[in-house]
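Chemist: There's a structure below that I have some questions on.
Only the coordinates and a few stated rules stand behind these numbers; no lab work does. Just so it is clear, the model here is predicted, and its values are computed rather than measured. Positions of Cβ are generated from backbone atoms using ideal geometry, with glycine treated the same way; all protein chains shown enter the neighbour counts.
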Amino acid sequence: MALWAISDLHLAINSDKPMDIFGEKWANHDEKIKENWLSKVAPCDTVLIAGDISWSMSMDEGIEDLEWIHKLPGTKILIKGNHDYWWSSITKLNSLYEDMDFIQNNFFSYNDIAICGTRGWNCPGSTRFSSHDEKIYDRELIRLRLSLDAAVKKGFTKIIVMLHYPPTNDKFEETELIKIVKEYNVGSVIYGHLHGPSLNRLYEGNIEGVEYIVTSCDYLNFDPLKIVD
């Protein structure tokens, strides 16, 4: 068994959304993901997918992208990204597939590790942070606490948090998200969202005892990253 992570699959099986407009490395990126996934991930493994799963605007469109993921080996644990407009009720999502678990105010586990998370949002102090952003950010803080509290109530002490957005702003300042992570003694935080030039300056590595791991697809060369053996 092993725990893997990747994010920003940006699938578009049922729509015309070529990703190579964002750079040549994105050409046929879904084929690269599939090839790498099949070469590494075993049926008994688990893969964390930290948002921006599908470009689809509705579940009717998005179901083909979910089917594509479902057919890959391993259990998948997913959170919502900013482009996942297809994301419907959490109850409906968690009834779709036995091998796909969706996090929203809840958690799932890998052995003795709780997998918690929420989408996150632009953090205070970021360029052009607005009052609208603040409302969404505050709601995401609540959702993260709900997820973490659910795990703690079940007795979990080892915790990995999945976010889609980075947990800090472009100045790398301590945020309420980071304070919550430290409050709950979270061991690792994985996140994506960043692409292109943004990947040249990252909040990653062991910072005050927490391991921050960037899993954007293009950062990983479309290759799932092993988090835990």
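Chemist: Could you tell me whether residue 9 is touching a residue at least 12 places away in the same chain (Cβ under 8 Å), closer than 28 Å to residue 109 by Cα and either of a type in the set (Val, Ile, Thr) or surrounded by 16 or more Cβ atoms within 10 Å (Cβ to Cβ) (or both)?
Modeler: Here the answer is yes, as residue 9 does meet what is asked.
Chemist: Oh, and also: Give the residues of the range 114-145 that are touching a residue at least 12 places away in the same chain (Cβ under 8 Å), of a type in the set (A, V, I, L, M) and surrounded by fewer than 16 Cβ atoms within 10 Å (Cβ to Cβ), sorted by residue number.
Modeler: 136
Chemist: Let me ask something additional. Select from the range 168-202 the residues that are in contact with a helix residue (DSSP H, G or I) (Cβ under 9 Å, 6 or more places away or on another chain) and within 19 Å of residue 83 (Cα to Cα) and list them in ascending order.
Modeler: Answer for the range 168-202, where residues must be in contact with a helix residue (DSSP H, G or I) (Cβ under 9 Å, 6 or more places away or on another chain) and within 19 Å of residue 83 (Cα to Cα): 195, 196.
Chemist: I'd like the full set of residues that are under 17 Å from the mean Cα position of the chain (by Cα) and either part of a loop (DSSP other than H, G, I, E, B) or of a type outside the set (A, V, I, L, M) (or both), limited to the range 73-87.
Modeler: If the condition is that a residue be under 17 Å from the mean Cα position of the chain (by Cα) and either part of a loop (DSSP other than H, G, I, E, B) or of a type outside the set (A, V, I, L, M) (or both), then 74, 75, 76, 80, 81, 82, 83, 84, 85, 86, 87 are the ones that fit.
Chemist: Tally time: how many residues in the range 39-54 are crowded, with 17+ Cβ neighbours inside 10 Å, assigned to a loop (DSSP other than H, G, I, E, B) and of a type in the set (Gly, Ala, Ser)?
Modeler: 1
Conditions (1) more than 21 Å from residue 111 (Cβ to Cβ); (2) among the small types (Gly, Ala, Ser), marked per residue:
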| site | (1), (2) |
| --- | --- |
| 135 | yes, no |
| 160 | no, no |
| 166 | yes, no |
| 171 | yes, no |
| 180 | yes, no |
| 194 | yes, no |
| 199 | yes, no |
| 205 | yes, yes |
| 210 | no, no |
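Chemist: Working only within the range 173-198, note down all residues that are outside any loop (DSSP other than H, G, I, E, B) and either buried (at least 20 other Cβ atoms within 10 Å of the Cβ) or polar (S, T, N, Q) (or both).
Modeler: Residues of the range 173-198 outside any loop (DSSP other than H, G, I, E, B): 176-183, 188-191, 196-198.
If the condition is that a residue be outside any loop (DSSP other than H, G, I, E, B) and either buried (at least 20 other Cβ atoms within 10 Å of the Cβ) or polar (S, T, N, Q) (or both), then 177, 178, 181, 188, 189, 190, 191, 198 are the ones that fit.
Chemist: Looking only at residues that are touching a His at 6+ places or on another chain (Cβ under 8 Å) and not polar (S, T, N, Q) in the range 194-218, which one is nearest to residue 159 (Cα to Cα)? Give the derivation first.
Modeler: Initial filter on the range 194-218 (touching a His at 6+ places or on another chain (Cβ under 8 Å)): 216-218.
Okay, now just the ones that are also not polar (S, T, N, Q), so 217-218.
On the way: 217: 23, 218: 26 Å.
Looking at the filtered set, the residue picked out is 217.
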